[in-house]
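Report on the following structure.
The values are calculated or read from the model by the stated rules, or taken from the named source; none is laboratory data. If you're wondering where the values come from, they're calculated on a predicted model, not measured in any experiment. Counting neighbours? That spans all protein chains shown, and the Cβs are built from the backbone with ideal geometry, glycine included. These area figures cover heavy atoms from the full protein model, side chains too; ligands, DNA and RNA do not enter into them. Shrake-Rupley method; radii C 1.70, N 1.55, O 1.52, S 1.80 Å.
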Amino acid sequence: MVNLFRNKSYSGIVFLALLFLVVHAHFFVEAPVITTPAHSGFFEVLIQQYIQPLPGYLLFLVYAVLVLLQAIRFNLALNNAHMFQQSGYTTGMAYILLTGFLPGWSHINAALLANTFIIWIFVKLIRLYNNPAPKTLLFNIGLISGGTILSYHPSITLVLVIFFALAVVRPFRSAEWLVLLIGVIFPYYIVAAFLFITNQTNNISGILPHLQLAWPLAIPAYWLGITISYVLLLFIPSFYFWQLHVNRMVIQIRKNWMIVLVLLLVSLFGPFIFSYAGRTAAFVWIIPLSAFLANFFLYPKKTGLSNLFFWLALLLIFHNNWLLGKI
């Protein structure tokens with residue numbers, strides 16, 4: 001089964017669409033749930049005013065389009081950047097599988113919208129190396145990052161990722177760091193200026209991210225423990241195959257992988273320091289995690305173990321989404 005996604009032809013996109021229909025077959029019975037954590041940014045308002053009133057079949061279409069576009073765009077970005085020694089669609093496959101692991105990840109929420117922009121930022125970050133016009137690119141990266149943070153406050157951890165990327169990809173130039181910082185601040189400057197002009201300065205605090213430390217999970221039930229254990233178990237061979245092949249790659253690609261790794265490490269703290277966003281803050285994990293898991297599904301010559309993990313993933317998805325319902 002995994003071999004279908006190792007094919008580097010565009011037929012892999014069709015298989016990704018079919019996989020999505022299998023993973024989220026529960027949407028044919030019940031429409032996607034909408035969750036909007038309070039005070040999480042402009043995406044919250046967008047969802048409440050324009051998406052929540054939609055009928056169930058359109059909610060399904062919105063979720064499907066967003067997830068498929070994200071999976072395909074991220075997959076193609078990694079292929080075009082030669083992040084793997086062979087091209088395929090295993091990153092998109094892992095991305096779609098992960099969206100079905102927890103019912104909460106099958107919801108339409110601000111984190112789902114934010115992932116689209118985080119992938120866009122990553123695509124621009126991997127173009128920084130030897131770019132002839134870095135300041136323009138850096139300003140755009142900062143602008144998109146600032147807009148994403150403004151729209152979904154828990155994504156403020158992106159600031160650490162983009163400045164780390166600048167530090168490892170390009171030699172230090174203070175002007176470039178300043179341009180990136182200005183780009184991040186600019187969306188806040190525009191909104192704050194509007195609030196000032198319209199005498200709404202008391203609302204400025206509402207556009208700023210605020211921390212709320214808490215443990216985001218209740219005591220794990222047996223099925224949640226099994227799901228987490230599965231992901232951790234799958235990550236071990238995935239990391240092994242990644243480390244085995246990344247050492248053979250050129251310095252530029254190794255630096256790009258460091259950006260993915262930092263994004264994974266930084267995003268792990270989201271649910272703990274932005275507890276008001278709930279477990280939806282963990283949805284960002286799917287982006288870097290799918291890149292690493294793709295190594296296990298792509299590189300082994302014998303696909304027996306990879307296929308076993310694939311079918312186990314589908315069993316977990318069926319159990320968590322059909323038998324357990326919403327968490």
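Straight-line reach only, C-alpha to C-alpha below 25 angstrom: list the lysines that K8 could link to, leaving out same-chain residues fewer than 8 apart.
K124, K255, K301, K302
List the trypsin sites (Lys or Arg not before Pro) within the range 230-327 that fall in a DSSP loop (any state other than H, G, I, E or B) and whose Cβ has at most 15 other Cβ atoms within 10 Å.
Hits after loop and neighbour filter: R248, K301, K302, K326.
For the range 169-327, rounded, prolate or oblate, judged on the Cα gyration tensor with a ≥ b ≥ c (square roots of eigenvalues), a/c < 1.5 rounded, else prolate if a/b > b/c?
Oblate.
Send over the Kirkwood Rh of the range 248-316, from the inverse of the averaged 1/r over different Cα pairs, rounded to one decimal Å.
14.1
Kyte-Doolittle mean at least -1.0 and Cα extent at least 27 Å along the axis: which DSSP H helices of the chain qualify?
56-80, 174-197, 222-246
Mind checking which of L19, L76, N130 is farthest towards the positive end of the chain's charge dipole, using Cβ charges of +1 (Lys, Arg) and -1 (Asp, Glu) about the Cα centre?
It is N130, whose Cα lies furthest towards the positive end.
Pull out a ≥ b ≥ c, the square roots of the eigenvalues of the alpha-carbon gyration tensor of the range 84-216, then state rounded if a/c is under 1.5, prolate if not and a/b is larger than b/c, and oblate in the remaining case.
Judged from the Cα gyration tensor, the range 84-216 comes out oblate (a/c at least 1.5, b/c at or above a/b).
Restricted to Cα positions, what overall size does the chain have along the principal axes? Three whole-Å values, descending.
Its Cα atoms span 62, 47, 36 Å along the three principal axes.
Heavy atoms only, probe 1.4 Å: what % of the accessible area of the chain goes to carbon and sulfur, would you let me know?
71
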